[in-house]
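Undergrad: I have a structure I would like to understand better, so I am pasting it below and will then ask my questions one at a time.
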Amino acid sequence: MQKKIYVLDASAIIGGFYSKSYANFTTSGAILEIKDLKSKILLQSALENGHIKVDEPDPEDTEEINQIITSSGDILRLSDVDRGIVALAFKFKRNGFKPIVVTDDYSMQNTLKTIRIDYQSVLTPGIKEIINWVKICKGCKKRYPSDYKFEECEICGSPVFRKRVKAVK
Ligand SMILES: [Zn+2]
């Protein structure tokens, strides 16, 4: 069985996520994105006691990811730091691990799906039960289910954006 490894982006670190059972990695770029003092202090102690480790993708991983997201169009939506996180997960996969990326970033999740790397949201399962995502058209406000595949409204053609809503019981 492949060994699980968690790869955390800034949203995961700010959300206080790290696995207690498996190794957690992030990149120096993601660490630089953390600006608030409370998260910085928490991160500092997680780094000191080894709960979170810092690693970087190899140039070949970054190149591979750049090629993939250029052809999928995700290159426009991913920052350099986002790409670094995806490329780091890719490196772990290449080395025989089973990486799981923890991120709330929808574009990253999309890219990870394309390259068949597992991911999870920062939100805990308890919160997930009461929060749902929907997609809403910017123009006519039509609601679509969160798995609506297109980026444009089927009625008016306006862009569709993702929104968190409380689940209706
Ligand atoms: Zn519309």
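Undergrad: Could you point to the residue in Val81, Pro57, Ser19 farthest towards the positive end of the chain's charge dipole, with +1 and -1 charges on the Cβ of Lys/Arg and Asp/Glu respectively?
TA: About the Cα centre, the residue reaching furthest to the positive side is Ser19.
Undergrad: Please list, ordered by chain and number, the residues whose modelled amide H lies under 5 Å from the amide H of Gln120; skip anything fewer than 5 residues away on the same chain.
TA: For Gln120, the qualifying residues are Val101, Val102, Thr103.
Undergrad: What pairs in Lys4/Lys135; Lys113/Lys135; Lys20/Lys40 have C-alpha atoms more than 27 Å from each other?
TA: Violating the 27 Å limit, Cα to Cα: Lys4/Lys135.
Undergrad: Whose amide H sits under 5 Å from the amide H of Lys98, counting only residues 5 or more places off or on another chain, with H placed in the peptide plane?
TA: Distant-sequence amide H within range of Lys98: Lys3, Lys4, Ile5.
Undergrad: If you rank Val7, Val165 by how much accessible surface each has, with a 1.4 Å probe, what is the order from largest down?
TA: From most accessible down to least: Val165, Val7.
Undergrad: Let me ask something else. Classify the range 1-142 from the C-alpha gyration tensor, please: rounded if a/c falls under 1.5, else prolate or oblate depending on whether a/b exceeds b/c.
TA: In terms of gyration-tensor shape, oblate.
Undergrad: Got a number for carbon plus sulfur as a percent of the chain's accessible area, 1.4 Å probe?
TA: That share works out to 54 percent.
Undergrad: Could you list the residues of the range 54-91 with an amide nitrogen less than 15 Å from a label point located 7 Å from the Cα of Glu151 in the Cα-to-C-beta direction?
TA: 69-79
Undergrad: Given a 1.4 Å probe and the protein chains all in place, what does the accessible area of Phe92 round to, in Å² to the nearest 10?
TA: 10
Undergrad: Probe radius 1.4 Å, ligands and nucleic acids left out: which of Ile75, Ile117 has the largest accessible area, and how do the rest follow?
TA: Ile75, Ile117
Undergrad: Keeping all protein chains in the complex and leaving out DNA, RNA and ligands, what accessible area do you get for Glu60 with a 1.4 Å probe, in Å² to the nearest 10?
TA: Glu60 has an accessible surface of roughly 110 Å² with all protein chains in place.
Undergrad: Here's another thing I want to ask about it. Counting only heavy atoms of the protein chains, get the accessible area per residue of the range 4-120 (1.4 Å probe) and round it to a whole Å² value.
TA: On a per-residue basis, 51 Å².
Undergrad: Considering only DSSP beta bridges with both partners in the chain, what is the antiparallel share in %, to the nearest 5?
TA: Of those bridges, close to 45 percent are antiparallel.
Undergrad: Would you kindly find the accessible area of Lys141, with a 1.4 Å probe and non-protein molecules such as ligands, DNA and RNA excluded, rounding to the nearest 10 Å²?
TA: Rounded to the nearest 10, the figure is 130 Å².
Undergrad: Please give me the summed charge of the neighbours of Val122: other residues whose Cβ is under 9 Å from its Cβ, Lys and Arg +1, Asp and Glu -1.
TA: Neighbour charge sum, excluding Val122 itself: -2.
The values are calculated or read from the model by the stated rules, or taken from the named source; none is laboratory data. Everything numeric here is computed off the predicted structure, so don't read it as measured data. Positions of Cβ are generated from backbone atoms using ideal geometry, with glycine treated the same way; all protein chains shown enter the neighbour counts. Quick note on the areas: whole protein, heavy atoms, side chains included, nothing else; ligands and nucleic acids left out. Shrake-Rupley method; radii C 1.70, N 1.55, O 1.52, S 1.80 Å.
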